[in-house]
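Read through the structure below, which is laid out as structure tokens, and then see the notes.
The values are calculated or read from the model by the stated rules, or taken from the named source; none is laboratory data. Not measured: the values here are computed from a predicted model. In this analysis, Cβ positions are derived from the backbone assuming ideal geometry, glycine residues included, and neighbour counts consider all displayed protein chains. All accessible areas refer to the heavy atoms of the entire protein, side chains included, with ligands and DNA or RNA removed. Shrake-Rupley method; radii C 1.70, N 1.55, O 1.52, S 1.80 Å.
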4 protein chains.
Amino acid sequence: MSQQTWQKLVEWPLFAAAVLFLAAYSWEVIADLQGPDAVLAESVIWGTWGLFALDYVVNLALAEDRRRWFVRHLLDLAVVVLPMLRPLRILRVGTIMVVLGRTAGAMLRGKVILYAAGASAMLVYVAALAVLDAERGQDGSIQTFGEGLWWAFVTITTVGYGDFFPVTPTGQLVAVGVMVGGIALIGVVTGTLASWIVERVSVNNEAEQVATKAHIDQLTAELRELREELRQRA
Amino acid sequence: MSQQTWQKLVEWPLFAAAVLFLAAYSWEVIADLQGPDAVLAESVIWGTWGLFALDYVVNLALAEDRRRWFVRHLLDLAVVVLPMLRPLRILRVGTIMVVLGRTAGAMLRGKVILYAAGASAMLVYVAALAVLDAERGQDGSIQTFGEGLWWAFVTITTVGYGDFFPVTPTGQLVAVGVMVGGIALIGVVTGTLASWIVERVSVNNEAEQVATKAHIDQLTAELRELREELRQRA
Amino acid sequence: MSQQTWQKLVEWPLFAAAVLFLAAYSWEVIADLQGPDAVLAESVIWGTWGLFALDYVVNLALAEDRRRWFVRHLLDLAVVVLPMLRPLRILRVGTIMVVLGRTAGAMLRGKVILYAAGASAMLVYVAALAVLDAERGQDGSIQTFGEGLWWAFVTITTVGYGDFFPVTPTGQLVAVGVMVGGIALIGVVTGTLASWIVERVSVNNEAEQVATKAHIDQLTAELRELREELRQRA
Amino acid sequence: MSQQTWQKLVEWPLFAAAVLFLAAYSWEVIADLQGPDAVLAESVIWGTWGLFALDYVVNLALAEDRRRWFVRHLLDLAVVVLPMLRPLRILRVGTIMVVLGRTAGAMLRGKVILYAAGASAMLVYVAALAVLDAERGQDGSIQTFGEGLWWAFVTITTVGYGDFFPVTPTGQLVAVGVMVGGIALIGVVTGTLASWIVERVSVNNEAEQVATKAHIDQLTAELRELREELRQRA
């Protein structure tokens, strides 16, 4: 089996696993599970992790040039190995974004905005989960999921009131991720609007309009007519 | 009557209703109305709501393909149904912006900036109203309209001192709206400036200038002269 | 005397008056003047104000169409009338920026950045002055010029720690001005960088390069050669 | 020896000196060195400073037009003279960025992003060092390297919670540098994304496509065929 066949085969199962993981992780963190429920949630989390690990191993085995694939997919390795550290588990939801992005096909302006909005919403959600997981029971101010969500919104928009902020190293690591996401979000929104405005602001003086393929086509047609005329005369 | 005729007919009445609603809502919230005054303000608010609801129903009835119109105007439905929830009433002022935007016609650069400034000012004003409505009498720090305005400015520019911030879920929802508006505002300002700078920075080397319609026209004229010359010689 | 002659004549005196005003105002606020020194500083401030008022009146008198000039220069009227209100005095330094901007001539990219940097530095400085003038002796946290400067930097970059913030309406009005300046600053920096990057990222595939005037010129030359050839043969 | 030969010769030694300086400075600040270790670290710091001073003097001596070189390299003078003031020592790491930037060659979009990311990471690191050096033992909240790093991240992204902030003039100077870096970072990210989006958003209507060199080439080919035809007929 070629690597491409495998990747097409597991695309949707991996997507489903990522969603399942997100559900189990949300349930565990928000409900602050203890006892058998916690065991169940953990099982789902580790089960979905197993799928991702399997996918990585199979990909490595099927790769034409294994060394090259390994070097070029260090991020994939990180996504598989790092979630063993509890706070980095959320990296796994990146799979959801990758699959959604692939489905989006050619990224036109509207789709860029839609994708950015979706990615931001997911980032806010998983950051709220991860920060709550890290901060609950600590000295910090974030103790409920609602506070986590509010904190994530205040952070991704770079407002930063300071009414809630993480105090544990893990929580601060999550925060740095959200802040970087916020800068990227501002960049995407601004870039898209800029491209839209640049396009809309048409030069009013027609003679100064940029030459288009239509103009060239018209010129070519004229040249062909001349040629035809000469041919008939000959 | 066609749907278009209806829409043209009610455009300005709806605009007036939105303004009237904004005035009544401002009065109710800022003056913290009680007794008969509150009843009067509430009557105006519900009366204008009635107009919006009527407009929605008539539009649905007149639509050529009702199912399609319904699906494509879910936002309109939200604007009609959600304001029954007190904090979401302010959504109705969106009508003011829509009408103003339509009047603005083709959005050239200057108009984009003007519209963004107007929309930001209105967003600050209605957010100050809505957050005060939600927070007054609560444990939070925002207790006067002046504090609400100051908070809205600090939030929309993403400064976020943290001297004032909402503590109720409703107030925080309003805040998220203002923050998103702030990101959009930065995007519009930046995008417009970028488009202006891209245009001003003209390439100095003339040969590297982009070919314009004027260049093509000149070439076409030359080709026609050649044709004329050949014709006369024949 | 024509209006243009007058404007050329007073450009540099007005610039000098604005600088003088800034010096006197800085001295008065930073040193918290009392007694005869305060009288001296106030005299300079009112004297320079007199020059601006005179300039406005003369311009209005010399204008070809006074009504039109009045309507188009409402901002100039504001700059003259508003500084009678103490906190709005700083508006007068706008003259410095206008004169410097005029000197800058055609605004190429480098100059845009330089001008933005200069305007931001001046905005930080006058905002620190104005906020100190408004807040000193009040309940707020800003009580020295150093604190004012620090606060202005934290605000214009939209960081907003919240260690210092204005509490008086006047101070908050100054703050809104600084925040708006900060958004504009981000816009200018981003726009200039975007225009630079758009220009540098050249399309590598030569066939996909945009047609330039050079390409058209080459084509025109070829057409002329053909014409010449036909003429010689005839 | 020409100035260019010298500069090529010392490029990498200076880079190494800057890295060595950064290591010694990091060690001194983070470990809060006292006694002989501090002496050692200080020796390295002053030794590397000596190299930079030497480079400046040699450059001045070898310059063709010394006065012109002096005026055009005031920044270089500042980098040599200012680090005598302890908090400005970190300016020396600018050398690292300059050398890395030179190695990067032509700055294509990917490289711009990579360079911005590298510069931001270095800015966060040296700012955390410098702010800790300035604030430790003072009344302020930043007392460990971890707190310094966290503060630098919160500042460069312009979030500014206000849980940590510098209180000494030196620390605030460092903060202003980080904030300015943050604005530049937002500008680079946004500008790069804007340029990418402008390029990707292709006009779908083919006739409205901008005329490319390929279109012109096709037209030229057609013109040449006509010429050949006429020649053969003659």
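The table that follows gives values for the structure above.
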| item | result |
| --- | --- |
| Given (1) out of contact with any helix residue (DSSP H, G or I) (no Cβ under 9 Å at 6 or more places or on another chain); (2) buried (at least 21 other Cβ atoms within 10 Å of the Cβ), number of the condition C:Gly137 does not satisfy | (2) |
| Positions within the range D:1-45 being modelled with pLDDT of 85 or more, open to solvent by 70 Å² or more (accessible area, probe 1.4 Å) and not in a helix (DSSP H, G or I), in sequence order | D:Asp32, D:Gln34 |
| Selection count, the range D:46-78, where residues are assigned to a helix (DSSP H, G or I) and under 21 Å from the mean Cα position of the chain (by Cα) | 13 |
| Candidate set: the range D:196-224, residues that are more than 8 Å from chain A (Cβ to nearest Cβ) and at pLDDT 75 or above; chosen: the one nearest to B:Ala184 (Cα to Cα) | D:Asp217 |
| Number of positions in the range A:144-155 that are in contact (Cβ under 8 Å) with a residue 12 or more places away in the chain, surrounded by fewer than 19 Cβ atoms within 10 Å (Cβ to Cβ) and not in a loop (DSSP other than H, G, I, E, B) | 0 |
| Pick from the range B:164-177, criterion of a type in the set (A, V, I, L, M) and open to solvent by 10 Å² or more (accessible area, probe 1.4 Å), ranking: nearest to D:Ile156 (Cα to Cα) | B:Val176 |
| Boolean, D:Ile183 is in a helix (DSSP H, G or I) and facing chain A (nearest Cβ under 8 Å) | no |
| All positions within the range A:120-141 that are in contact with a Leu (Cβ under 8 Å, 6 or more places away or on another chain), among the hydrophobic types (A, V, I, L, M, F, W, C) and over 20 Å from B:Thr170 (Cβ atoms) | A:Val126 |
| All positions within the range B:212-224 that are open to solvent by 80 Å² or more (accessible area, probe 1.4 Å) and under 11 Å from A:Leu226 (Cβ atoms) | B:Arg224 |
| Yes/no for A:Thr190 being at the interface with another protein chain (Cβ under 7 Å from one of its Cβ atoms), outside any helix (DSSP H, G or I) and in contact with a Ser or Thr (Cβ under 7 Å, 6 or more places away or on another chain) | no |
| Residues located in the range D:25-77, provided they are polar (S, T, N, Q) and under 21 Å from D:Ala130 (Cβ atoms) | D:Ser26, D:Gln34, D:Ser43, D:Thr48 |
| Filter pass, D:Val174 being at pLDDT 80 or above, more than 12 Å from chain A (Cβ to nearest Cβ) and not in a loop (DSSP other than H, G, I, E, B) | yes |
| Residue in the range D:98-113 that is modelled with pLDDT of 85 or more, open to solvent by less than 30 Å² (accessible area, probe 1.4 Å) and small (Gly, Ala, Ser) present | no |
| Near pairs, Cβ below 8 angstrom, 6+ apart or cross-chain, from the range C:63-79 (farther than 13 Å from C:Gln3 by Cβ) to any residue that is open to solvent by 80 Å² or more (accessible area, probe 1.4 Å) and modelled with pLDDT of 85 or more | C:Leu77/C:Phe70 |
| Yes/no for B:Thr158 being within 7 Å of another protein chain (Cβ to nearest Cβ), in contact with a Ser or Thr (Cβ under 6 Å, 6 or more places away or on another chain) and on the phi > 0 side of the Ramachandran plot | yes |
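Yes/no matrix, rows are residues, columns are (1) more than 29 Å from D:Val189 (Cα to Cα); (2) among the charged types (D, E, K, R); (3) buried (at least 24 other Cβ atoms within 10 Å of the Cβ):
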| residue | (1), (2), (3) |
| --- | --- |
| C:Ala128 | yes, no, yes |
| C:Ile142 | yes, no, yes |
| C:Gly162 | no, no, yes |
| C:Met179 | no, no, no |
| C:Gly182 | no, no, yes |
| C:Gly187 | no, no, yes |
| C:Leu193 | no, no, yes |
